[in-house]
Amino acid sequence: MIRLGVNIDHVATLRQARKGRTPDPVEAALVCEKAGCHSIVCHLREDRRHIQDRDVFLLKEMVKTRLNLEMAASEPIIKIALQVMPHQVTLVPEKREELTTEGGLDVAGQYSRLINVVNSFKSKNIDVSLFIEPEEKQIQAAHQLQVNSVEFHTGRYAEAEDDVGMAYEFNRLSQAAELALSIGLKVFAGHGLDYLNVRPICRLPGIEELNIGYSIISRAVFSGLEQAVRDMLSLIRLYEKKDT
Ligand code: PXP
């Protein structure tokens, strides 16, 4: 059964537009949990454009499922993460000028720096996931770091311009999932997934967790958040079945 992690960053984006108190991402997290999601995901960015420190500490207190903190492997954020003690951290690359996370983490290129970061979380029993491109070099480096899982960046798949491009990217994801599974890594995926393109992704070999934010929060404007999460969960349940 594939798990759904809901990323609530964009509830905070809306709040920050007025720098007020609403909508509160903590309240959103509780609604997502009521709808049946399996974890809450948030990204404490260095520029604090959406999620704030207060949110992360409160989320850890309030979330009843699991808190997955997405973060850059930077010293100040690592310090906060070790105080918050989320159930899982997902290490992502971060550039200040980007609109959202662009591309996966270069694990192979930053191996010696990441080893200390990964070990500092693992020594506190925090699961570590690495957000990577579906590439052999990155998967092997993640394996050497002995992390729990890899989250494949589905952005290129989601942004493919036509069916041919989408099939090509899906194939890359599929092969990467096979390789990761064969060397004992858990396989997660996320970024740019919506109510249509998520369907084939539910059939990726061994896929255990999908982390989805933007499309769910967007749909919530029209349907309400609880319904938007329920709709995504129903789709996942339908398409993960082998015979549909
Ligand atoms: N997974 C990771 C590692 C991400 O960085 C993001 C974006 O914050 C997501 C999943 C969710 O992406 P989206 O908001 O496009 O669904």
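At-a-glance table
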quantity	calculated
Index of the failed condition, residue 224 passing every other in (1) surrounded by 15 or more Cβ atoms within 10 Å (Cβ to Cβ); (2) closer than 30 Å to residue 12 by Cβ; (3) not acidic (Asp, Glu)	(1)
Matching entry among 129, 112, 215 (being within 12 Å of the ligand (Cβ to nearest atom), part of a helix (DSSP H, G or I), among the hydroxyl-bearing types (Ser, Thr, Tyr) and closer than 24 Å to residue 89 by Cβ)	215
Residue selected from the range 33-73 under the condition of a type outside the set (A, V, I, L, M), assigned to a loop (DSSP other than H, G, I, E, B) and more than 16 Å from the chain's Cα centre (by Cα), by the criterion nearest to the ligand (Cβ to nearest atom)	49
Among (1) assigned to a loop (DSSP other than H, G, I, E, B); (2) hydrophobic (A, V, I, L, M, F, W, C); (3) within 28 Å of residue 32 (Cβ to Cβ), the one test that residue 82 misses	(1)
Residue within the range 157-164 that is of a type in the set (Gly, Ala, Ser), open to solvent by 40 Å² or more (accessible area, probe 1.4 Å) and within 15 Å of the ligand (Cβ to nearest atom) present	no
Of the criteria (1) within 16 Å of the ligand (Cβ to nearest atom); (2) surrounded by fewer than 18 Cβ atoms within 10 Å (Cβ to Cβ); (3) within 18 Å of the chain's Cα centre (by Cα), which one residue 206 fails	(1)
Residue match in the range 169-186 (condition: more than 11 Å from the ligand (Cβ to nearest atom), assigned to a loop (DSSP other than H, G, I, E, B) and on the phi < 0 side of the Ramachandran plot)	yes
Scan of the range 173-203 for residues that are surrounded by 16 or more Cβ atoms within 10 Å (Cβ to Cβ), among the polar types (S, T, N, Q) and without any contact (Cβ under 8 Å) to a residue 40 or more places away in the chain, ordered by number	174
Number of the exception - residue 8 against (1) within 12 Å of the ligand (Cβ to nearest atom); (2) open to solvent by less than 10 Å² (accessible area, probe 1.4 Å); (3) more than 14 Å from residue 224 (Cα to Cα)	(3)
Hits in the range 209-221 - residues which are open to solvent by 80 Å² or more (accessible area, probe 1.4 Å) and not basic (Lys, Arg)	214, 221
Any pair with Cβ under 7 angstrom, 6 or more apart, that starts in the range 17-34 at a residue that is more than 14 Å from residue 50 (Cβ to Cβ) and at pLDDT 95 or above and ends at one that is in a helix (DSSP H, G or I) and open to solvent by 40 Å² or more (accessible area, probe 1.4 Å)	30/62; 31/226; 34/226
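The values are calculated or read from the model by the stated rules, or taken from the named source; none is laboratory data. Given the structure is predicted, the values throughout are model-derived calculations rather than measurements. Don't worry about glycine lacking a Cβ; one is built from the backbone with ideal geometry, like all the others, and counts go over all protein chains shown. Keep in mind that these areas ignore ligands, DNA and RNA; they rest on the heavy atoms of the full protein, side chains included. Shrake-Rupley method; radii C 1.70, N 1.55, O 1.52, S 1.80 Å.
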